[in-house]
Amino acid sequence: MAKERVLIVGGDAAGMSAAGQIRKLLPDAEITVYERSGYSSYSACGIPYFIAGLVEPETRLVVRTPEELLQKQNIVVKVRHEVLSLDPDGGTVLVRDLESGREFRDSWDRLLIATGASPAVPPVEGAKAEGIFTLSTLETGIAARRYVDEVRPRHAVVIGGGYIGLEMAEAFACVRGMKVTLLDKSPQVMNTFDADMAELIASAIRGIGTELRLGEGLVGFGTQGGRVRSVITEHGEIETEMVIMGLGVRPNSGLAGAAGLKLSVRDSILAGETMATSRPGIWSAGDCASTTHLMTGKPFWVALGTVANKMGRVAGISMGGGRAAFPGVYGTAMSKHCGLEVARTGLTEREAEENGFRSVSSVIRTKTRAGYYPGAETMHVKLVGEEGSGRLLGGQIVGGQGSAKRVDIIATALAGGMTVNDLLELDLGYAPPFSMAWDPVQIAGRELLKKTGGE
């Protein structure tokens, strides 16, 4: 009897999480993973810290090499192999070996599409010049690190004020000691935060000496000898020696769409709670797949390592014949910029309004630990609740060391369907080195309760 063949397209977070689960449930199956880049099973979230020089060598970001995966789990991982097309009716894929150029077909009994996401690159003049980088794979991170080490640029422009932009501006300004300009067409940084909280982040960015240019769109790049020399914007020209483009990412759903699979919000691949797609025998997980926003119940797409790993686990269990479900997300995410930590979960005030909630909010300024204890730092907490019911809808945190992980309290409260009053009744830990007698999240809850009809 022929062994069952499982093919996985994409060898990073979701794909490798799935492969591990499938191996446990189908010990005799043939599992083959095709990965377009030269690395598999690595921490993409660690790339900014590798470029900063805080993590080295790059192999520390690799969880398991293809050789280790073959030896320890009998999973065949073929890097530098690109899947060009899918034939769902015939159960085959067309693959190109990027080293030799040879093309061949492979067959599957079960298929996972875990193709991730690609950085948004505007079609502007000079975008392919040397010294301009998008951080989509470990290979691109290695190239950017090599450029920094060899060219030693004194000034970098980071385009995009989201998570990647924040972390790369930190890498250059606070670790490398470079002059940094952060450019964004939006009137605020961090569009997943409300404007009042985003202004706190912007103020901190300016405070460490980074030039912040908001409401200023990219027009193109000036080059000399094939290397970037300036960033051209709607308002002028910025001389620079290096550029990082962090303009967001888009789901890599082209393979699935061309094969007739149904797509969802933002052209992500439509996937149910078991990560099954619209075609039998095909699953999808990670940054290319859709999910559900658990506060709104609407289709949602987000590119986060935490989500990709969880999706991959569920897909693998499902593909192996087990029972598992991924119900959706609250959009919980965090980052840092130098000494500032930022985090968010659930709905912002703006998102709540857009989704038809009658919301109220509170913002408090407090300390990360007892004010008399050494190292206490300022933090701001914003909570959003539903008027009338008192249901908690979301929260945002901006502050010093020890701030960001408190967002997990809010995320847990959201998962439990808690009201603001329920949040106040949580029995949270306390000691002066870690908190005040009332945790900052609960202090914000007390202020919000006044607006929802409590205190």
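Residues that are assigned to a loop (DSSP other than H, G, I, E, B), among the polar types (S, T, N, Q), surrounded by fewer than 18 Cβ atoms within 10 Å (Cβ to Cβ) and out of contact with any Gly (no Cβ under 6 Å at 6 or more places or on another chain) do occur in the stretch 375-389. Only one entry of A324, A285, A303 meets the criterion of being outside the structural domain of A404 (by TED's automatic domain parsing), hydrophobic (A, V, I, L, M, F, W, C) and within 18 Å of K262 (Cα to Cα), and that entry is A285. None of A171, A202 is closer than 24 Å to A303 by Cα and crowded, with 23+ Cβ neighbours inside 10 Å except A171. Within the stretch 307-320, at least one residue is surrounded by fewer than 23 Cβ atoms within 10 Å (Cβ to Cβ) and of a type in the set (S, T, N, Q). Collect the residues in the stretch 7-30 that are outside any helix (DSSP H, G or I) and within 22 Å of the chain's Cα centre (by Cα), keeping them in residue-number order. Selection gives I8, V9, G10, G11, D12.
For the criterion of being aromatic (F, W, Y), at pLDDT 95 or above and farther than 26 Å from D149 by Cα, F221 fails.
Quick check: is even one residue across the stretch 273-280 touching a Cys at 6+ places or on another chain (Cβ under 9 Å), outside any loop (DSSP other than H, G, I, E, B) and in contact (Cβ under 8 Å) with a residue 12 or more places away in the chain? No, every residue in the stretch 273-280 fails to be touching a Cys at 6+ places or on another chain (Cβ under 9 Å), outside any loop (DSSP other than H, G, I, E, B) and in contact (Cβ under 8 Å) with a residue 12 or more places away in the chain. Restricting L166, L112, L138 to those that are assigned by TED's automatic domain parsing to the domain that holds D267, crowded, with 23+ Cβ neighbours inside 10 Å and touching a residue at least 60 places away in the same chain (Cβ under 8 Å) reduces the list to L112. Based on this model, can you work out whether A120 counts as surrounded by 16 or more Cβ atoms within 10 Å (Cβ to Cβ) and not aromatic (F, W, Y)? Here the answer is no, as A120 does not meet what is asked.
So which strands (runs of 3 or more DSSP E) stay within the stretch 200-264 end to end and still have 2 or more residues that are in contact (Cβ under 8 Å) with a residue 60 or more places away in the chain? In the stretch 200-264, the matching strands (runs of 3 or more DSSP E) lie at 218-224, 227-233, 236-239, 242-245, 249-251.
Return the residues of the stretch 151-163 that are surrounded by 24 or more Cβ atoms within 10 Å (Cβ to Cβ) and farther than 22 Å from P187 by Cβ; say none if nothing qualifies. Of everything in the stretch 151-163, just one residue is surrounded by 24 or more Cβ atoms within 10 Å (Cβ to Cβ) and farther than 22 Å from P187 by Cβ, namely A156. Among the residues of the stretch 408-415, at least one is closer than 25 Å to L294 by Cβ, β-branched (V, I, T), surrounded by fewer than 19 Cβ atoms within 10 Å (Cβ to Cβ) and without any contact (Cβ under 8 Å) to a residue 60 or more places away in the chain. Restricting attention to the stretch 251-269, the residues that are within 30 Å of L61 (Cα to Cα) and crowded, with 18+ Cβ neighbours inside 10 Å total 7.
The values are calculated or read from the model by the stated rules, or taken from the named source; none is laboratory data. Keep in mind that this is a model prediction, so the values were computed, not measured. Every residue, glycine among them, receives a Cβ derived from its backbone with ideal geometry; neighbour counts consider all protein chains shown.
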